[in-house]
Each structure stands twice: as structure tokens, then as C-alpha cells.
1. Tell me the relative contact order for the chain as a rounded percent, counting alpha carbon contacts under 8 Å between residues six or more apart.
2. Please list, or write none, the lysines whose alpha carbon is within less than 17 Å of the alpha carbon of LYS555, excluding same-chain residues fewer than 8 places away.
3. Output the relative contact order of the stretch 2-223, whole-number percent, from Cα pairs under 8 angstrom with separation of 6+ residues.
4. Assigning unit charges at the beta carbon (Lys, Arg +1; Asp, Glu -1) and nothing else, what dipole magnitude in debye, to the nearest 20, does the chain show about its Cα centre?
5. Can you compute the charge dipole magnitude of the stretch 2-223 about its Cα centre, using +1 on each Lys and Arg Cβ and -1 on each Asp and Glu Cβ, nothing else charged? Give it in debye, rounded to the nearest 20.
6. Efficiency by 1/(1 + (r/R0)^6): what FRET value for GLU362 and HIS253, r their Cβ-Cβ distance, R0 = 25 Å, to the nearest 0.05?
7. Please compute the length gained on full extension between LYS562 and ASP455, using 0.36 nm multiplied by the number of residues separating them and subtracting their Cα-Cα distance.
8. Specify which residue in the list CYS2, ILE627, GLY374 is farthest towards the positive end of the charge dipole of the chain, using unit charges on the beta carbon of Lys, Arg (+1) and Asp, Glu (-1), about the Cα centre.
Amino acid sequence: MCGIGGISGQFNINDLHASRLALAHRGPDDSGWFVEPTYNVGLTHTRLSILDLSPLGHQPMVSPDGRFVIVFNGEIYNFRELRAALEARGVQFRGSSDTEVLLQLYIAEREDPARMLRSLNGIFAFALWDSSKQMLLVARDALGVKPLYYCSEGQSFAFASEIKALLPLIQRRGQLDLVAIHHYLSLLWSPGERTPLEAVRKLGPGEALWVQDGAIVNRLTWYRLPVFCPQPLIHDVPEVIQQLTTKLRRAVHRQLVADVPVGAFLSGGLDSSSVVAFAREQNADIRCFTIDSGGGNSGEGFVDDLPYARRVAKHLGVSLEIVPIDSVRMAQDLEAMVVQLDEPLADPAPLNVLYISRLAREHGLKVLLSGAGGDDLFTGYRRHRALMLDRRWNWLPQPVRAIAEQFGQMLDNRHASARRLRKLLDGIALSGDDHLVNFFLWAKRSDLLQLYTADFRAALGSAAAEAPMRAFLAEMPPTVHPLERMLALEQRFFLADHNLTYTDKMSMVAGVEVRVPFLDLDLVEFASRIPPELKQRGSVGKWVLKKAMEPLLPKDVIYRPKSGFGAPLRRWMRVELRPMLGDLLSETSLRRRALFDAVAVHKLIAANDVGKVDASYTLLSLLCIEIWCRHFIDQPSIPVSRSPEQGSVSSVLA
């Protein structure tokens with residue numbers, strides 16, 4: 001796992017070094033750069049050494065004949081099989097890294113890069129300079145586990161693993177992307193390619209770009225989720241359970257490949273517990289890590305994870321390191337979190353990833369396995385259960401459903417059960433894809449427009465936060481089951497644009513790589529063939545996964561209530577973060593930013609203070625956006641030094 005950056009077009013070598021310095025936390029073990037002055041190409045890399053720890057794994061990696069150069073961030077889990085196939089074709093290797101395998105694979109298959117990319121089972125973002133074509137190939141993995149941002153302006157194309165490392169390579173930061181800002185307020189994250197800056201875009205999962213002379217000359221979609229080409233479903237339940245067990249076991253074992261110790265997250269939930277159960281088969285000494293929230297999430301309606309994590313650790317005979325969480329410290333770390341994330345993601349969960357990753361690194365671990373993706377393949381979120389319950393009231397006339405939705409808006413949102421019922425009833429008058437995308441919205445457009453200034457509303461126009469998701473669903477075969485359509489939204493957007501983004505950023509600031517066995521491509525393909533009713537059976541989510549894990553895990557763990565991975569946000573808004581609300585969202589601050597109406601925002605804060613409304617996430621979004629703007633718009637440069645005395649983001653969080 002590493003950090004990569006580069007440019008095609010006129011550039012200053014000092015800017016390339018500044019980009020590399022901004023990526024130092026992603027690769028503390030080694031760094032390097034490559035410049036091709038004839039064609040104005042520069043590449044930079046920082047290395048977290050996991051495979052082939054020797055200098056033979058150094059990057060940028062240049063082919064023996066000097067014609068091809070690669071910078072690579074990620075892991076290719078099937079690199080040994082690919083290497084064996086290449087060796088059978090006469091290819092000779094100097095080292096033992098997956099980077100060299102990827103480089104040689106491209107050389108062998110460069111006439112068909114889509115085929116080459118589809119042969120990879122792994123997580124990656126890379127750029128490869130092909131001097132024979134005088135072109136740069138930039139690609140991102142199938143499910144978007146590894147982030148990649150880019151800016152294409154005139155005859156200059158720049159890219160990097162993080163926005164803060166991209167900024168030194170571009171001519172101007174440009175303006176805020178107000179549509180993206182609306183995304184962050186509506187969903188807490190931004191679906192699709194948009195970022196807070198108009199000039200900066202995200203390369204999509206399963207996409208690649210060809211760049212020549214500083215311009216994008218071709219865009220390639222080399223992978224699409226299996227839902228777009230559905231295969232026959234497997235209805236034989238014992239066969240499904242047996243194959244699921246085999247494929248998940250194989251995925252976990254495959255992702256243990258490393259020349260350094262590997263540990264794991266262990267929340268005590270089904271997903272992380274399943275990963276640890278299979279990992280232990282190959283590594284009996286695997287070290288696991290969990291959070292002790294001290295009961296701080298009880299007010300959010302979540303069950304405490306710690307007793308279940310201890311239960312699983314004892315059952316499997318693995319060590320468990322516990323990270324105590326101080327909610328006051330978490331609130332204090334919010335600002336540094338936003339800066340490290342590069343995007344104003346209004347979710348405190350990234351801090352838990354940071355704290356676990358930091359402790360793992362203190363114990364000498366560079367790699368952690370995560371259970372992320374289980375909910376997005378096999379169900380598990382409340383919205384999945386709500387969707388499958390739709391048939392219970394779809395027979396009701398639309399006016400009756402509209403009345404039920406209005407009733408939900410009247411519920412007392414100070415209590416977790418009432419909030420959940422309100423969320424369940426929200427949008428039940430909608431149908432089809434409108435109903436699906438509504439599950440992802442945290443704030444209604446009409447409510448948000450009241451917070452925006454007239455200029456913001458005018459610039460936003462009719463743009464809808466859910467538009468990328470609607471367009472995605474419109475391309476899908478209409479016969480696809482609603483639950484599978486929702487799971488496809490989870491996989492394409494919620495994972496790539498939110499969950500995986502913050503997991504990568506917050507683990508890498510601690511110098512730790514997080515792997516996600518549930519997103520093994522073989523497993524993803526297989527999951528698409530499991531009938532929806534075996535995933536969500538009535539009120540039981542992940543039914544088939546639970547059945548598969550019954551021989552390996554305690555039943556009270558398998559069938560435990562689902563918990564969250566967050567913080568006592570509602571209390572924060574009234575206590576720990578209340579002074580920050582008054583400061584960052586003061587009338588002076590809001591008028592200077594000219595995005596939000598100061599009177600409307602202060603009315604919302606006052607109503608939230610007395611419990612009249614539950615605006616915690618909207619207020620957190622407003623805070624995160626202002627924090628982001630102060631660091632990425634107002635400041636002349638982004639701090640990148642790791643020295644504590646300079647107060648950099650890396651030093652604050654690492």
C-alpha cells in the first residue's frame with residue numbers, strides 16, 4: 001500500500017516533490033520519482049513495504065529496457081498465479097513484488113489493457129507510462145477500494161491518491177463545486193465523480209484513462225458490477241451455503257499474502273468475526289483490534305460491541321487489543337479528520353478506523369483485515385429490511401401511504417426507536433427507483449434549500465443529489481430485483497464514495513493497509529447469484545451468511561443485534577461540539593462563506609438544542625464543510641510536514 005501522484009504536461013519539479021511530501025504518511029518506508037522531460041511526464045511514489053521488502057520493490061519501477069514505468073498503490077492478490085503464467089511465457093523477474101508482476105503483465109498484454117485489468121484480483125490505483133505509445137495509463141480497481149483523484153485542465157493532467165497531494169500539481173484550485181456541496185449535505189458523502197472542487201474529479205471504480213500530451217484521449221470502463229449481466233441464480237440452499245463458505249474462506253486466505261504480519265478488525269459483528277474465523281485457519285496468532293466506546297453510543301440506539309468482540313476472541317482463541325474511546329477526544333479530532341479525509345464526509349466513524357490503525361501500527365502491524373462489504377453484498381442495513389417489508393404496505397392506496405409518511409414526520413425524534421420508525425415511513429409514498437434512492441438521503445432537498453443563500457440556490461438549479469444513483473439504476477436491466485438494485489447502489493456508491501474512502505484515508509495516515517476480503521471479485525460475482533430471499537429473509541439480514549457461519553461462530557454472535565461504528569453525535573451537537581458550532585457557524589463566518597443563510601442556520605441550531613428537531617447530521621455536515629473550506633480554500637497551501645511542532649494533519653492524527 002502506497003501513495004501515488006503524477007502529471008502529464010508542463011510542470012515544475014518542485015511541485016512534484018511537494019506532492020510526494022504530501023503523501024509521506026501513506027508510504028513511510030521509501031519514496032521516489034521519475035521524470036521524462038521529452039514528453040513532460042512526472043511520477044512520484046511513497047512506499048509502505050508489504051511485499052518484497054527489498055530495494056527490488058522500489059517505485060517508480062522501470063522495466064529492464066526503460067520503456068515502461070509504473071507507480072502502484074494496492075495489492076494484487078493473485079499475483080503469484082499471474083507470475084507463474086508469465087514465467088511460462090519466458091518472462092524473467094528480478095524481484096518478488098506484485099508491482100513487478102503488474103508491470104510485466106502490462107508489457108505482455110498492452111494491446112488489450114481491458115483484458116489485462118480484468119485478470120487482476122486485487123485493490124489498486126496505478127499509473128503506467130508507456131513510452132512506446134507516448135501515453136499514460138491510469139486505472140482504479142473494480143470496486144474502488146483505492147482512491148484516485150485527478151484534474152484535467154487544458155494540456156495538463158494530474159493525479160494523486162489524495163486531493164492534498166494533487167493540489168501542488170494543478171494550476172489553480174478553482175471554485176467550489178456547489179452540486180457536490182449539496183451532495184455532502186444530502187447524503188453525507190458525494191456519489192460519483194464530483195468532489196468539493198470543480199477542478200478535481202474522482203476516477204470511478206473499474207475505470208481507466210489514457211492520457212497523452214496532458215489530455216485525456218480515451219476513457220475505458222473495464223469492469224461493471226455483475227448485476228448488469230446477471231447470471232442464473234442458485235436456488236439449492238445447501239449448495240449456496242457450501243459455495244459461500246468455500247469462496248469466503250478462499251478470499252480471506254488469499255488476502256493474507258504479505259511479507260509482514262497481518263492483523264484484523266474485530267467488532268464482534270458477523271462480518272469481522274467471519275473474516276477472523278477464516279484468517280485464524282492460516283494464522284493462529286493473528287492479532288485483533290476492537291473499540292471500547294464505554295457505553296457512549298447507548299443514546300444513539302446502538303448495542304455495545306465490546307462484549308461480543310471478547311466472546312469471539314475467546315471462542316477463536318485469538319488475542320484482542322482494545323482501544324478505549326474518549327468521546328471528548330473524538331470531538332476534538334474532528335477538524336483534523338476532515339482535513340485528512342480530503343472531503344467533508346459528515347461521519348464520525350472514520351475516527352474509529354484511525355484509532356484502531358494507530359494502535360495496530362504501534363504493535364508493529366502494517367496490514368489489517370476488515371469486514372467491510374458484508375452488508376453491501378448480503379444485506380445488513382436497516383434500509384434492506386425496510387425495503388423487503390415494502391410489500392406489506394404497497395397494497396395501500398398512495399394517499400394512505402402519504403398520510404403514514406406525514407405521521408412519521410410528527411414522531412419525537414429524541415428517541416432512537418422513534419427516529420428509526422420515522423426513517424422507515426419516510427418516502428413510503430414513493431415507488432420504484434425513487435423509493436430506492438430515498439433510503440440514502442439524510443436530509444430533504446426542501447429543508448436544505450431553506451439553509452442555502454439565494455446565490456447558492458440559483459447556482460444549484462435543479463441539480464439533485466441522487467442524480468448519479470438514478471442514472472446508474474437507469475442503465476440496469478429493469479428485471480433486476482429491487483433488493484439487488486439497492487445492493488448495487490451500496491457497492492457502487494456507498495462503498496466507493498464513502499466507506500472505503502474513509503477507511504483508506506484514516507488507516508493510511510497511520511501507515512496501515514486495510515484489506516477487504518468480502519470484496520474479493522470471485523465472492524462478489526458469486527453473491528450476485530444468490531437469490532434475494534436468501535440474503536434478507538423477513539427481518540433477518542445476511543440469512544445465508546449466518547447459516548454458513550453457524551459451524552464456526554457462536555450463535556449469540558451470529559444473531560446478535562446490529563450495532564453501529566460511530567460516536568454519540570447527538571450529544572456532541574449539544575455539548576462537546578456546541579462551542580465549535582457557535583464559532584465556525586457564527587453569523588460572521590456564514591456571511592463570509594456566502595453559502596448558507598445565517599438566520600436559517602441559527603434557527604436550526606436552536607431547534608436542535610431544545611430537541612424540537614434532530615438536525616445532528618445536517619449540523620455536522622455544515623461544520624465539516626466549513627472546516628474543509630478553511631483548509632482547502634482559504635489557506636494558501638496545505639500543511640504536509642510530519643513534524644509535530646508544525647501542527648500538520650499527519651502529525652496530529654498519526
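1. Relative contact order for the chain comes out at 17 percent.
2. Cross-link targets: LYS314, LYS542, LYS546, LYS547.
3. Answer for the stretch 2-223 is 21 percent.
4. The dipole magnitude comes to about 1380 debye.
5. The calculation lands at about 260 debye.
6. 0.40
7. 34.3 nm
8. Looking along the dipole axis, the top candidate is GLY374.
Laboratory data are not the source of any read-out in this text; all were calculated from the coordinates shown. Quick caveat: nothing in here was measured; it's all calculated off a predicted structure. Reconstructed Cβ throughout: ideal geometry from the backbone, glycine too, with neighbour counts over all protein chains shown.
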